[in-house]
Structures are given as structure tokens and as C-alpha cells.
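Colleague: I am attaching a structure below and will ask some questions about it afterwards.
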Amino acid sequence: MNQSSTVMLTTHEISNQAPALENYNLFTRNRRLFEAAQRSCAADTMGWLSERGAELGSAEMIALGVQANRNPPTPGLFDSAGRRRDQVEFHPAYHELMAYLKRHGVSAGPWADPAPGAHIKRAALFMLFAEIEDGTLCPTTMTYAVVPSIMRDRMIAEEWLPRIYSPDYDPRFIPAERKRGVTLGMGMTEKQGGSDLRSNTTSAEPVGGREFRIVGHKWFFSAPMSDAFLILANAPGGLSCFFLPRFTPDGKVNDIRIQRLKDKLGDRSNAGSEVEFWGARAWLVGDEGRGVPIILEMGTYCRLDCVLGTAGLIRHATSQALHHAAHRAAFGKRLLDQPLMRNVLADLAIESEAATALALRLAGAFDAQADEQQSLLRRVLTPAAKYWVCKRGPAVAAEAMEVLGGNGYVEDGPMARIYRQMPLNSIWEGSGNVMCLDVLRAFAKHPRCLEALAAEVAPAMGRDQRLDAFAGRLKDELRRPDNIEGRSRQLTQAIAMMMQAALLVRFAPDFVADAYCASRLAAASFAGGAFGNLPGERDLGGILARAWPD
Ligand SMILES: Cc1cc2nc3c(=O)[nH]c(=O)nc-3n(C[C@H](O)[C@H](O)[C@H](O)COP(=O)(O)OP(=O)(O)OC[C@H]3O[C@@H](n4cnc5c(N)ncnc54)[C@H](O)[C@@H]3O)c2cc1C
């Protein structure tokens with residue numbers, strides 16, 4: 001480098017830029033998550049989560065998340081001689097993150113070790129991990145979610161559950177019986193329809209016993225290098241669920257042809273693919289013609305994870321915004337000290353706390369499988385929470401990005417990735433409208449879901465007039481039969497918000513519950529729409545201090 005170019009590069013000192021947010025404990029600093037977990041988890045679990053929180057907040061783990069997304073998977077469809085390989089190549093960072101998730105039970109912990117509170121423990125770790133990397137959570141979710149469906153078939157369960165429960169991650173492309181651990185995926189969506197699964201055209205021809213040959217395609221087929229998949233196909237007895245392994249029992253590669261990898265907006269570390277089945281061997285799960293309810297059982301657990309993942313991303317976006325505002329000054333004052341910015345940040349913090357509270361409460365209902373009331377609550381709250389928390393995600397990401405100004409919009413920092421990731425959880429496993437229609441279906445098939453909701457909010461009643469009035473209005477709206485489908489977004493949103501408010505009224509400091517009810521439930525306030533509309537005199541300092549990440 002010559003003298004003059006050196007001079008060119010030293011024109012200024014860099015000041016007024018925030019340091020990277022790293023080396024902090026994601027769990028102990030997340031007050032809402034910590035307190036909610038504390039109500040359900042024993043001291044050793046709290047200690048375990050604190051260790052994970054410190055690991056995940058380290059600069060090293062954050063860097064792995066960045067690397068896995070900067071170096072997305074590449075298709076390895078053919079060898080140099082043109083023979084099919086149908087494989088996908090991943091960056092080592094992806095494998096390291098997958099190994100972490102497997103090792104710590106995020107893909108099967110509650111099934112392998114079904115202790116009380118096991119789903120809560122997993123949910124807490126899932127939310128923390130979502131702050132680091134989200135693409136690896138997709139195959140992890142599918143592996144966790146497949147278990148109840150697989151348990152329906154004794155033969156498949158006996159052979160595959162031990163491999164699913166294994167804490168080892170083994171990415172080798174070899175038959176599952178030679179692997180230390182496996183991951184699973186799912187295939188429902190076809191070109192002509194994803195929400196309307198009855199439009200599936202893939203066919204299944206019986207070849208003897210429970211074995212079938214599958215011919216057809218899947219248009220979205222995430223994590224195609226998984227060891228096996230649950231898929232839907234039309235058998236003679238109707239649309240049915242099949243277990244389709246990557247290798248057949250004789251050790252040959254099954255006839256799953258990867259057409260190409262999806263070029264996605266976000267979720268870049270994860271491989272999404274389009275596939276065709278050219279007579280692939282598969283085994284019937286459950287009864288012929290019962291495919292949709294069986295695979296939707298898997299879908300229910302995936303929907304829980306959509307809520308958990310989005311709540312984690314909302315927390316991450318909020319933490320980044322708070323951190324930046326504390327280190328950046330404009331017009332002679334830190335952004336954090338500007339009254340309008342304080343309102344925006346406090347509003348984001350309230351949204352984050354509400355999302356976290358609802359997500360963990362939902363996970364708790366998955367822990368209480370034997371309790372009828374909790375099952376009813378889970379039935380209606382899963383689609384309601386998925387609808388509302390995932391709807392809020394992109395709005396939070398956009399607002400938090402704006403807090404970072406121009407730095408928020410460039411790929412060097414964390415905000416662009418958060419923003420690109422956010423809409424996905426709202427789309428897959430049932431998009432927004434489909435979730436609202438599912439809430440109506442839950443009430444129609446199980447009218448006692450309404451009682452379960454009422455019982456859940458009952459302990460919060462009489463403690464905040466705005467919540468009481470909101471719950472009363474919702475009850476009246478739910479009773480009105482006119483145009484119920486057209487109004488189902490309003491109803492679903494209101495159910496989720498009532499639950500969030502009830503949880504905050506019961507368990508959050510008064511200044512948090514009060515700010516939520518004043519800004520989101522009180523009909524007379526100007527709030528709504530954009531963030532930064534917390535009305536009147538509220539304890540913004542208290543809200544911000546509680547939300548502080550590091
Ligand atoms: C990154 C990514 C990964 C995915 N991975 C998988 C995977 O591994 N396996 C898999 O099977 N699928 C996967 N999907 C597919 C996903 O689940 C579907 O895209 C989703 O279910 C929507 O289906 P669709 O795309 O066919 O849209 P459509 O079904 O055409 O829906 C389009 C819109 O219409 C709305 N809509 C549908 N019906 C109604 C109605 N009756 N009333 C009002 N509105 C309605 C929907 O809410 C949606 O907004 C993935 C998708 C993405 C983006």
C-alpha cells in the first residue's frame with residue numbers, strides 16, 4: 001500500500017456506533033422467559049437453561065449462526081458422470097448447530113425423557129436458539145413433531161423411535177440402521193395446493209402388506225436430506241399418510257428425486273426442495289383414508305414451534321433495538337433517552353413479553369396431555385397463538401430494524417436476517433387465514449374449548465377493567481353467528497390478545513400489564529397500528545429495564 005492510499009483510509013475515527021451484542025446470557029437476561037420457566041421447572045432445569053443461555057449468547061455461537069446463513073446449502077444432484085446423487089451439501093456451521101440441537105434434546109427430549117415440564121424445558125431452549133439460528137430449527141421441529149404420528153405404528157415406532165431419541169447428530173448419507181441418530185421431514189404441499197390437502201395428486205399403489213409405491217411430487221419439501229419423511233398420497237382407500245425412508249430396507253437409495261433447491265427469501269441455512277417420487281417405497285401409517293388427521297397431528301407440534309420460534313425472533317429483534325438505542329446518540333442525546341424512542345422501545349418490549357408469555361403457556365398445555373381441559377385449550381390456542389404471534393413478528397422486525405436506522409437494513413448486521421426470517425412461520429404449517437378457520441373448526445367440533453379458554457383467563461378476571469370489558473366483548477362476538485368466517489381474523493386475534501393480557505395481569509409486573517391493556521385492549525386509546533403508541537403516562541423506564549438484554 002503506498003503512502004497516499006494509507007492517508008485516504010484514515011480520514012476519521014469511528015464513533016457513535018454500537019458494539020456487537022454478544023457474550024451475554026440469553027436466558028437469565030430474558031426476565032419473562034426466566035420467570036415463566038421458573039414457575040414450571042425444577043432448580044436443576046433452571047441451572048441447565050442458564051448454561052445453555054450463556055453458551056448461546058457467546059460470540060462463537062452467534063458467529064456459527066451467521067456462517068450457516070452466509071453459506072447456504074448447495075444441491076449435489078448429480079455426480080461428475082451424470083449419475084443421480086440427490087444430496088445436499090452444507091457448511092460445517094450448519095452441522096455444528098444441528099449437533100447442538102440434537103445433543104440438547106430439542107429434536108426429541110420430551111419424548112425420550114417424558115418428565116413433567118419436559119415440553120416447557122424444550123420450548124425455553126427452542127426460543128433461546130431461535131435468537132441464534134432459525135434454519136436448523138426446521139428439521140429439528142419436524143423430528144420432534146413426527147413422534148406422536150409414528151407412535152401409531154408399532155413396527156415403525158420400534159425401529160425408528162430409538163434413532164429419533166438419540167442425542168447424536170449423524171449427517172452421513174447412509175441407511176438409518178447404520179447411523180447414530182436421525183432427522184425426519186414431511187411432505188404435504190403440492191404445486192396445485194398446500195392449504196387444501198384434498199387436492200393432493202400423488203398416488204400410492206399397494207404392493208403387499210402395508211407397503212406401497214409412491215408416484216408424484218411435492219412442491220415444498222424442507223430438509224430433503226432427512227432420513228425419513230411422513231408424506232400424503234392417494235391410496236385406493238383415500239388420502240393416506242405414509243412413512244417414506246431415504247433408503248429402502250435392502251440398503252438402496254429410495255426413489256426420491258430432488259428437482260432443485262428453493263431460492264427462499266430467508267431461512268437460508270435450511271434446504272428447501274422440490275421433489276418427485278418415482279415409485280418410491282413407503283409404508284402406510286394408520287388407516288387408509290385417514291392421512292390428513294394423522295399428518296396434522298404432526299402439524300400441531302410444528303405450529304407450536306412456529307409460535308416459539310417467532311417469540312424468540314421477536315425477543316432477538318427487541319434486544320438488538322434496545323442495545324443499539326443505548327449506544328447511539330442523535331441530537332445531543334442517546335436514542336434511548338429520547339421520549340419518542342423510549343415509547344417505541346417500550347412498546348416493542350411489551351409485545352415481546354406478551355409473545356413470550358403466550359408461547360410458553362401454550363407449550364405448557366402440550367405437557368398436560370392427559371388433562372382434558374388442557375387438551376381443549378391446546379386445540380384452540382395453538383392456531384390462535386400461531387396466527388397472532390406470527391402476524392406480529394414481521395411488524396416487530398420492521399420496527400426494530402428502523403431503530404438501527406440504515407445499519408438495520410444492511411446484511412452486515414443481524415436485523416436483515418431477522419426480517420427475512422419472520423414471515424415464514426406465518427406461512428408454513430397453515431397460513432394466517434387457515435389458522436383462523438381452524439379456530440372456528442375447534443369451536444365447532446369441541447364447543448367446550450370456550451369453557452377451557454374461560455377457565456384459563458378466570459384467575460385474571462376482576463383485576464383489570466379493560467381486560468374484563470375486552471373478554472366480555474369477545475364472548476358476545478363469539479356468540480354472533482353472522483359472517484363468522486369473514487370475522488374470524490378479528491376473533492382469533494382477540495382470543496390471543498385476551499390470553500396475553502390475562503397472562504401479563506397474573507404474572508408480569510403491574511407496569512407491564514397496565515401498558516399492554518392500555519395500548520392494546522382499551523377501545524378508547526389511539527393505540528394500534530404502529531409501535532410507539534403507548535398512551536398516557538406509563539412507566540417506560542420500568543418496562544425498558546425489565547427488557548434489557550445485557
Ligand atoms: C420455506 C418453506 C418451507 C416449507 N416446507 C414445507 C415442507 O417441508 N413440507 C410441506 O408439506 N410444506 C412445506 N411448505 C409449504 C407450506 O406449508 C405451504 O406453502 C402453506 O401451507 C400454504 O400453502 P400454499 O403455498 O399452497 O398456498 P395456498 O394454499 O394456495 O394458500 C394461499 C393463501 O390463501 C389462504 N387461504 C387458503 N384457503 C383459504 C380459505 N379457505 N379462506 C381464506 N383464505 C384461504 C392461505 O391462508 C394463504 O394465505 C413450506 C413453505 C415454505 C415457504
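Colleague: Given the conditions (1) open to solvent by less than 20 Å² (accessible area, probe 1.4 Å); (2) at pLDDT 95 or above, report the number of the one that ARG487 does not fulfil.
Modeller: So ARG487 meets the others, but not (2).
Colleague: In this structure, does GLN500 turn out to be within 16 Å of the ligand (Cβ to nearest atom), under 25 Å from ALA36 (Cβ atoms) and of a type outside the set (D, E, K, R)?
Modeller: Values: within 16 Å of the ligand (Cβ to nearest atom): no; under 25 Å from ALA36 (Cβ atoms): yes; of a type outside the set (D, E, K, R): yes.
Considered against the rule, which asks whether it is within 16 Å of the ligand (Cβ to nearest atom), under 25 Å from ALA36 (Cβ atoms) and of a type outside the set (D, E, K, R), GLN500 comes out as no.
Colleague: Taking the stretch 182-212, which residues are more than 10 Å from the ligand (Cβ to nearest atom) and in contact with a helix residue (DSSP H, G or I) (Cβ under 6 Å, 6 or more places away or on another chain)?
Modeller: VAL182, THR183, LEU184 - these are the residues of the stretch 182-212 that are more than 10 Å from the ligand (Cβ to nearest atom) and in contact with a helix residue (DSSP H, G or I) (Cβ under 6 Å, 6 or more places away or on another chain).
Colleague: Output the residue which, of all residues in the stretch 498-512 that are touching a Lys or Arg at 6+ places or on another chain (Cβ under 9 Å) and surrounded by fewer than 22 Cβ atoms within 10 Å (Cβ to Cβ), is farthest from PRO459 (Cα to Cα).
Modeller: Taking the candidates together, the pick is PHE511.
Colleague: Within the stretch 108-194, which helices (runs of 4 or more DSSP H) (wholly inside it) include 3 or more residues that are open to solvent by 10 Å² or more (accessible area, probe 1.4 Å)? Write out each step before concluding.
Modeller: Details: elements: 109-112, 118-130, 137-145, 147-150, 154-165.
Filter on the stretch 108-194 gives 109-112, 118-130, 154-165.
Colleague: A follow-up question, please. Out of the residues in the stretch 195-212 meeting the condition of being in a loop (DSSP other than H, G, I, E, B) and either aliphatic (A, V, I, L, M) or at negative phi (or both), tell me which one is nearest to the chain's Cα centre (by Cα).
Modeller: Initially, the stretch 195-212 is screened for residues in a loop (DSSP other than H, G, I, E, B), giving 195-196, 200-202, 209-210.
After this cut, where a residue has to be either aliphatic (A, V, I, L, M) or at negative phi (or both) as well, the list is 195-196, 200-202, 210.
Working: SER195: 19, ASP196: 22, ASN200: 26, THR201: 29, THR202: 28, ARG210: 34 Å.
Taking the candidates together, the pick is SER195.
Colleague: Which of the residues belonging to the stretch 426-435 are over 16 Å from GLN493 (Cα atoms) and more than 6 Å from the ligand (Cβ to nearest atom)? Spell out how you get there, then give the answer.
Modeller: Within the stretch 426-435, the first condition is being over 16 Å from GLN493 (Cα atoms), and the residues that meet it are 427-429.
Correct list: empty.
Colleague: Any residue at all in the stretch 194-206 that is within 23 Å of VAL434 (Cα to Cα) and basic (Lys, Arg)?
Modeller: Step one: list which residues in the stretch 194-206 are within 23 Å of VAL434 (Cα to Cα), which gives 194-202.
Subsequent filtering for residues that are basic (Lys, Arg) retains 198.
The answer is yes; a qualifying residue exists.
Colleague: Of everything in the stretch 322-344, what is open to solvent by 10 Å² or more (accessible area, probe 1.4 Å) and in contact with a strand residue (DSSP E or B) (Cβ under 8 Å, 6 or more places away or on another chain)? Give them in sequence order.
Modeller: The answer is ALA326, HIS327, ARG328, LEU335, GLN338.
Colleague: Select from the stretch 214-268 the residues that are polar (S, T, N, Q) and within 19 Å of GLU429 (Cβ to Cβ) and write down the one among them that is surrounded by the fewest Cβ atoms within 10 Å (Cβ to Cβ).
Modeller: At the first step, the residues of the stretch 214-268 found to be polar (S, T, N, Q) are 222, 226, 234, 240, 248, 254, 259.
With the extra rule that they be within 19 Å of GLU429 (Cβ to Cβ), the set shrinks to 222, 226.
Values: SER222: 24, SER226: 20.
Applying the filter and picking the extreme gives SER226.
Colleague: Report every pair of residues separated by at least 6 positions or lying on different chains whose Cβ atoms are under 6 Å apart, first residue within the stretch 433-458 and free of Cβ contacts under 8 Å to residues at least 24 places away in the same chain, second within 16 Å of the ligand (Cβ to nearest atom) and open to solvent by less than 20 Å² (accessible area, probe 1.4 Å).
Modeller: Every condition considered, no pair remains.
Colleague: Now for a different question. Please report, ordered by residue number, the helices (runs of 4 or more DSSP H) entirely within the stretch 1-103 with at least 3 residues that are at pLDDT 95 or above and buried (at least 17 other Cβ atoms within 10 Å of the Cβ). Talk me through it step by step, then tell me what you get.
Modeller: On the way: elements: 3-9, 31-40, 43-56, 59-70, 92-103.
Answer list for the stretch 1-103: 31-40, 43-56, 59-70, 92-103.
Colleague: From GLY364, GLY393, grab the single residue that is touching a His at 6+ places or on another chain (Cβ under 8 Å) and either at pLDDT 95 or above or of a type in the set (A, V, I, L, M, F, W, C) (or both). Please lay out each step first, then the result.
Modeller: Numbers: GLY393 fails: touching a His at 6+ places or on another chain (Cβ under 8 Å).
That would be GLY364, the only listed residue that is touching a His at 6+ places or on another chain (Cβ under 8 Å) and either at pLDDT 95 or above or of a type in the set (A, V, I, L, M, F, W, C) (or both).
Okay, residues lined up against (1) within 16 Å of the ligand (Cβ to nearest atom); (2) open to solvent by 20 Å² or more (accessible area, probe 1.4 Å):
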{"site": "ALA346", "(1), (2)": "no, no"}
{"site": "LYS386", "(1), (2)": "yes, no"}
{"site": "VAL403", "(1), (2)": "no, no"}
{"site": "GLY406", "(1), (2)": "no, yes"}
{"site": "ARG417", "(1), (2)": "yes, yes"}
{"site": "LEU437", "(1), (2)": "yes, yes"}
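Colleague: Tell me, which strands (runs of 3 or more DSSP E) wholly within the stretch 213-281 include 2 or more residues that are near the ligand (Cβ under 9 Å from one of its atoms)?
Modeller: Details: elements: 228-235, 238-245, 256-261.
Once the strands (runs of 3 or more DSSP E) in the stretch 213-281 are filtered for at least 2 residues that are near the ligand (Cβ under 9 Å from one of its atoms), what remains is 228-235.
Colleague: Something else about it: Taking only the stretch 8-55 into account, find how many residues are more than 23 Å from LEU404 (Cα to Cα) and in contact with an Asp or Glu (Cβ under 7 Å, 6 or more places away or on another chain).
Modeller: Within the stretch 8-55, residues that are more than 23 Å from LEU404 (Cα to Cα) and in contact with an Asp or Glu (Cβ under 7 Å, 6 or more places away or on another chain) number 1.
Colleague: Let me spell it out: the conditions are (1) under 21 Å from the mean Cα position of the chain (by Cα); (2) open to solvent by 20 Å² or more (accessible area, probe 1.4 Å); (3) within 24 Å of MET188 (Cβ to Cβ), and CYS390 meets all of them except one. Which number is the exception?
Modeller: If we test CYS390 against (1) under 21 Å from the mean Cα position of the chain (by Cα); (2) open to solvent by 20 Å² or more (accessible area, probe 1.4 Å); (3) within 24 Å of MET188 (Cβ to Cβ), just (2) comes out false.
The values are calculated or read from the model by the stated rules, or taken from the named source; none is laboratory data. Because the structure is a prediction, the values reported are computed rather than measured. Positions of Cβ are generated from backbone atoms using ideal geometry, with glycine treated the same way; all protein chains shown enter the neighbour counts. Surface areas here come from the heavy atoms of the whole protein model, side chains and all, with no ligands, DNA or RNA. Shrake-Rupley method; radii C 1.70, N 1.55, O 1.52, S 1.80 Å.
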